[in-house]
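Structure first, commentary second.
The values are calculated or read from the model by the stated rules, or taken from the named source; none is laboratory data. Since the structure is predicted, the reported quantities are computational estimates derived from the model, not experimental observations. Cβ sites come from the backbone with ideal geometry, for glycine too, and all protein chains shown count toward neighbours.
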Amino acid sequence: MGETPLTIWEHAQLQGYSRRDFIKFCGWIAAATGIQSTGVAQVVKSLDTKPRLPVVWFHFQECTCCSESFIRSSHPIVSDIVLDKISLDYTETLQAAAGKQAEEALQATMKKYKGEYLMLVEGSVPTAEGGIYCCIGGRTALDIVKEAAGGAKAIIAWGSCASNGCIQAARPNPTGATPIHKIITDKPVINVPGCPPIAEVMAGTIVHLLAFDRIPQLDGLGRPKAFYSRRVHDTCYRRPNYDAGLFVESFDDENARRGYCLYKVGCRGPVTYNSCGVIRWNNGVSYPIQSGHGCIGCSEANFWDNGPFYQHLASFPGFGIETTADKVGVVLGVATAAGIAVHAVSTNIRKRKLIQQEIRDSEPSGDSKKGGA
């Protein structure tokens, strides 16, 4: 009989983490995943008692930025425990084995844990000319994906390359780059787009699978709602400037130095769903918009072909004042002027009434006048 796999908590102990550190991590990852406070106990119990998930992690047409993002999570347990201890059954970027040994490790995991392992994929899969544009060990990525998906419990498509094709699938797409969900249709596929996705989003998705033994709630594009249910625009700290019609006209103008809205210089925040403005990057320090660059919409399908990055969209669906940036400034300017005028008139009327009341109060009564005569 083989040894019983260690749990996440047992691995954490071996790495020198205290029980307090572990509980704090469970609360942190539950909050990041959008799990209610009542569900934190379930997360603790699962990571405390369940053996780790066997994982195979593939790389195809991509730049490895998803792995780079994951290992730089702001929480040490993500890289020390979650990544190291669930992903090294097979991961072409981080494993020590290479060549024949690596392929043997992959085959052993898929055979031993058939129907139980988690399949993670970075990169799109070329399908043109039989998939010859991406081969590993003499086999096409297309063959490898189909074989591994056959015994997988679930599949996570890391990043925009695996989720929607990204730049490889941009026009004219010479290699026939294809996202995973269009190749594998008989298994649950969780899309975690972004170029790259945020490390905590990646960790939260895995922990949800481990804690609840089911995929998280997904939106219409197969993305976890906990992280992709709100537009970047809705949580942007520059949103008040948008509402006030205050826009950067060019990256070197005075408005840029004042931190005004970047919509007119191409920001795709109003049409991009992601949690960049909430979780942010580098231990919550910043994200592209905070660093002065507009959102390029990297978590949305076909973002590379959706027009020049530095020209604002002609219009976008919304509500209330959200029509176009040009109209917003004009409409709000008129509305503001009208509001000032109404306020001034109402203030003058109120003051006039107060003055008239004071005059009446200061006048002697009728009886007093008669008596004085």
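Considering only residues that are in contact with a strand residue (DSSP E or B) (Cβ under 7 Å, 6 or more places away or on another chain) and without any contact (Cβ under 8 Å) to a residue 40 or more places away in the chain, look in region 103-129 and name the one that is surrounded by the most Cβ atoms within 10 Å (Cβ to Cβ). Only one residue tops the list, namely A105.
No other residue among V56, V43 is in a helix (DSSP H, G or I) and within 27 Å of the chain's Cα centre (by Cα) apart from V43. Within this structure, G130 passes the test of being over 15 Å from V56 (Cβ atoms), at pLDDT below 95 and over 21 Å from the mean Cα position of the chain (by Cα).
Residues to consider are A154, A149, A141, A105; find the one that is among the hydrophobic types (A, V, I, L, M, F, W, C) and over 30 Å from the mean Cα position of the chain (by Cα).
Only one candidate passes the filter, namely A105.
For region 213-237, how many residues are in a loop (DSSP other than H, G, I, E, B) and crowded, with 22+ Cβ neighbours inside 10 Å?
Residues in region 213-237 being in a loop (DSSP other than H, G, I, E, B) and crowded, with 22+ Cβ neighbours inside 10 Å: 2 in total.
Of the residues making up region 53-66, those that are touching a Ser or Thr at 6+ places or on another chain (Cβ under 8 Å) and in contact (Cβ under 8 Å) with a residue 60 or more places away in the chain are P54, V55, V56, W57, H59, F60, Q61, E62. Of the residues making up region 269-302, those that are part of a helix (DSSP H, G or I) and more than 17 Å from G159 (Cα to Cα) number 5.
The C-beta contact set for region 233-257 (first residue among the basic types (K, R), second residue crowded, with 16+ Cβ neighbours inside 10 Å, distance under 6 angstrom, 6+ apart or interchain) comprises R238/C261. Looking at region 91-195, the strands (runs of 3 or more DSSP E) lying wholly inside it that each contain 1 or more residues that are β-branched (V, I, T) and touching a Ser or Thr at 6+ places or on another chain (Cβ under 8 Å) sit at 152-158, 189-192. Failed condition for R214, given (1) touching a residue at least 12 places away in the same chain (Cβ under 8 Å); (2) of a type in the set (K, R); (3) touching a His at 6+ places or on another chain (Cβ under 9 Å), with all others met? (1) is the only condition that R214 fails.
When region 258-268 is filtered for residues that are outside any strand (DSSP E or B) and either touching a residue at least 60 places away in the same chain (Cβ under 8 Å) or within 25 Å of the chain's Cα centre (by Cα) (or both), the ones remaining, listed by number, are G259, Y260, L262, Y263, K264, V265, G266, C267, R268.
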